[in-house]
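Chemist: Mind looking over this structure? Questions follow.
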Amino acid sequence: MPRFPIFADNHVRQQLVDGLLLHGWEVQRAIDVFPEKTPDSALFPYAAEQGRVFVTNDEPLRVIADQWLTEGKPFKGLITWKLKLHDRLREGWFIERFERLADEDDPFFYPIRYLTED
């Protein structure tokens, strides 16, 4: 199964990052590359340059991704979800969703993906 490289911001629980790493995903955390409190406006372009899918549950990132789409700027993808899912669901649920995306032929044909309970 082809996997995409991930860039996780500080809104992604460390337990989820650890779980993805244990399942063979390539994950880079924002905190390992940038100082704490680096603005999303600097993080998103970095992830795009690196060809990484930005992973977050931070709503303002959606605004940045939408702006990039409007301006025709390329980026690999954005995976996001509502904070209430992050608070309620275990890491295994999220990892399963990531695995499902990786199984798709073109998971980022539209580059913004929302994880929802289905």
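Chemist: What about Leu78, is it closer than 18 Å to Leu115 by Cα, loosely packed, with under 13 Cβ neighbours inside 10 Å, touching a residue at least 24 places away in the same chain (Cβ under 8 Å) and not aromatic (Phe, Trp, Tyr)? Walk me through how you get there before you give the answer.
Modeler: Working: closer than 18 Å to Leu115 by Cα: yes; loosely packed, with under 13 Cβ neighbours inside 10 Å: no; touching a residue at least 24 places away in the same chain (Cβ under 8 Å): yes; not aromatic (Phe, Trp, Tyr): yes.
For Leu78, the condition - closer than 18 Å to Leu115 by Cα, loosely packed, with under 13 Cβ neighbours inside 10 Å, touching a residue at least 24 places away in the same chain (Cβ under 8 Å) and not aromatic (Phe, Trp, Tyr) - is not met.
Chemist: Name every residue in segment 24-72 that is in contact with a strand residue (DSSP E or B) (Cβ under 8 Å, 6 or more places away or on another chain) and of a type in the set (S, T, N, Q), in order of residue number.
Modeler: Gln28, Gln50, Thr56, Asn57 - these are the residues of segment 24-72 that are in contact with a strand residue (DSSP E or B) (Cβ under 8 Å, 6 or more places away or on another chain) and of a type in the set (S, T, N, Q).
Chemist: Another question, if that's okay. Looking only at segment 36-52, how many residues end up being at pLDDT below 95 and surrounded by fewer than 14 Cβ atoms within 10 Å (Cβ to Cβ)?
Modeler: Adding up the residues that qualify gives 4.
Chemist: Still on this structure: Just need a number here: residues in segment 47-75 that are of a type in the set (S, T, N, Q) and not in a helix (DSSP H, G or I). Before you say what the answer is, go through the steps one by one.
Modeler: If we filter segment 47-75 for residues that are of a type in the set (S, T, N, Q), which is where we start, we get 50, 56-57, 67, 70.
Next, only the ones that are not in a helix (DSSP H, G or I) stay: 56-57.
Qualifying residue count, segment 47-75: 2.
Okay, residues lined up against (1) without any contact (Cβ under 8 Å) to a residue 60 or more places away in the chain; (2) more than 12 Å from the chain's Cα centre (by Cα); (3) surrounded by 18 or more Cβ atoms within 10 Å (Cβ to Cβ); (4) farther than 18 Å from Gly19 by Cα:
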{"residue": "Ala65", "(1), (2), (3), (4)": "yes, no, yes, yes"}
{"residue": "Thr70", "(1), (2), (3), (4)": "yes, yes, no, yes"}
{"residue": "Pro74", "(1), (2), (3), (4)": "yes, yes, no, yes"}
{"residue": "Phe108", "(1), (2), (3), (4)": "no, no, no, yes"}
{"residue": "Pro111", "(1), (2), (3), (4)": "yes, no, yes, yes"}
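Chemist: Next question. Look at Arg3 and say whether it is charged (D, E, K, R), within 20 Å of Leu89 (Cβ to Cβ) and in contact (Cβ under 8 Å) with a residue 24 or more places away in the chain.
Modeler: Numbers: charged (D, E, K, R): yes; within 20 Å of Leu89 (Cβ to Cβ): no; in contact (Cβ under 8 Å) with a residue 24 or more places away in the chain: yes.
So Arg3 does not fit the description; no.
The values are calculated or read from the model by the stated rules, or taken from the named source; none is laboratory data. This one's a predicted model, so the numbers in the text were calculated from it and none came from an experiment. Quick reminder, even Gly has a Cβ in these numbers, built from the backbone with ideal geometry, and neighbours come from all protein chains shown.
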